[in-house]
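Laboratory data are not the source of any read-out in this text; all were calculated from the coordinates shown. These figures come from a predicted structure and were not determined experimentally. Reconstructed Cβ throughout: ideal geometry from the backbone, glycine too, with neighbour counts over all protein chains shown.
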Amino acid sequence: MVKYARSYGATAKTLHWLIVALLIMQYLIGWLMPDVHGGPLGTAMALHISFGILILALIVFRFVWRQTHPVAQDTSLTAWQRNLSELVHWLLYALVLATTLSGWLFASARGWTVSLFFAIPLPMLTSQSPALIHRIDGLHQIMEWALLVVIGVHVAAALMHLLVYKDRVLQRMLPGETS
């Protein structure tokens with residue numbers, strides 16, 4: 001029988017907020033960097049890819065951590081809230097995974113030599129393919145927007161719990177809280 005903790009531990013909280021910070025950075029870099037579709041790999045794109053790979057590693061670790069350190073859902077939630085919460089969390093994992101992998105695949109299809117923060121070479125996920133570039137780029141953009149929408153739902157739900165329901169659901173993920 002699986003034993004569920006009552007609240008998230010320091011590792012889960014650290015991973016959550018680190019991924020949040022990195023995703024914010026990713027969206028900023030992605031939106032502010034120059035158009036890369038016609039040119040070589042630049043510094044901004046190399047950083048965007050590096051942060052994406054770091055997020056990929058962290059989300060995989062976070063998923064494994066969640067499976068091995070499960071936390072019981074808040075008992076104040078109704079059945080529909082628990083089910084929707086679970087769905088949103090799984091969508092977040094899936095979309096972060098799909099977005100980061102599609103970005104790496106895009107870089108590989110472009111034929112860019114990719115490294116992690118200019119130091120650790122990364123394998124190519126596919127061979128260079130001009131025909132594949134457009135399809136992967138479109139998929140990557142769809143995943144980016146879908147992830148942003150689901151993040152919005154997640155944040156809105158957290159704020160609803162804080163401001164409307166006034167329960168302790170949000171506090172379970174805040175640093176230092178042990179409720």
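Looking at the square roots a ≥ b ≥ c of the eigenvalues of the Cα gyration tensor of region 100-179, which shape do they give, rounded for a/c under 1.5, prolate if a/b is larger than b/c, or oblate?
oblate
Using the 10 angstrom Cβ neighbour count as an exposure proxy, how do Glu86, Glu144 rank, fewest first?
Glu86, Glu144
Hey, got the dipole for the chain? About the Cα centre, +1 on K and R Cβ, -1 on D and E Cβ, debye to the nearest 20?
My answer is approximately 480 debye.
Can you give me the angle between helix 79-110 and the longest principal axis of the chain, using Cα atoms only, in degrees from 0 to 90, rounded to the nearest 10?
10
For a quick check: with amide H placed at 1.01 Å from N, whose amide H comes under 5 Å from Leu116's, ignoring anything fewer than 5 positions away on the same chain?
Leu122
Which angle from 0 to 90°, rounded to the nearest 10, does the C-alpha axis of helix 43-68 make with the longest principal axis of the chain?
Computed tilt is about 30 degrees.
Can you give the extra length, in nm with one decimal, that the chain gains between Tyr93 and Leu47 once fully stretched, where that is 0.36 nm per residue apart less the Cα-Cα distance? Please list the in-between numbers first.
Details: separation 46, 0.36 × 46 = 16.56 nm, distance 2.19 nm.
Between Tyr93 and Leu47, full extension yields 14.4 nm more.
With a 10 Å radius around each residue's Cβ, average the other Cβ atoms per peptide and rank 129-136, 166-173, highest first.
Details: 129-136: 13.9, 166-173: 16.1.
Taking the mean over residues of other Cβ atoms within 10 Å, the ranking is 166-173, 129-136.
Please tell me the relative contact order of the chain in percent, rounded to the nearest whole number, where contacts are Cα pairs under 8 Å and at least six residues apart. Present the calculation step by step, with values, prior to reporting the outcome.
Numbers: 170 pairs, mean separation 47.1, N = 179.
This gives 26 percent for the chain.
Tell me the label-point distance for the pair Val2, Arg66, using the 7 Å Cα-to-Cβ offset, in nm and rounded to one decimal.
About 1.1 nm separates the two model spin labels.
Could the peptides 65-75, 11-21 be put in order, highest first, of the mean number of other beta-carbon atoms found within 10 Å of their residues?
11-21, 65-75
Summing -39500 (n - 2.57) over the DSSP H runs of n ≥ 4 in the chain and dividing by its residue number, what mean residue ellipticity at 222 nm do you reach, to the nearest 500 deg cm²/dmol?
Theoretical 222 nm ellipticity from helices: -22500 deg cm²/dmol.
Can you tell me the orientation of helix 10-32 relative to the chain, as the angle in degrees between its alpha-carbon axis and the longest Cα principal axis, to the nearest 10?
40
Based on other C-beta atoms within 10 Å, arrange Phe106, Phe118, Phe51 from fewest to most.
With the sparsest Cβ surroundings first, the list reads Phe118, Phe51, Phe106.
If you average 1/r over every pair of different alpha-carbon atoms in the chain and take one over that average, what Kirkwood value in Å do you get?
17.8 Å is the Kirkwood radius here.
Between the alpha-carbon centers of region 143-170 and region 39-118, tell me the distance in whole angstrom.
Each part reduced to its Cα centre gives a spacing of 18 Å.
Mind running the shape call on region 1-80? Use the C-alpha gyration tensor, a ≥ b ≥ c as the square roots of the eigenvalues: rounded below 1.5 for a/c, prolate if a/b tops b/c, oblate otherwise.
Cα axes put region 1-80 in the prolate bin.
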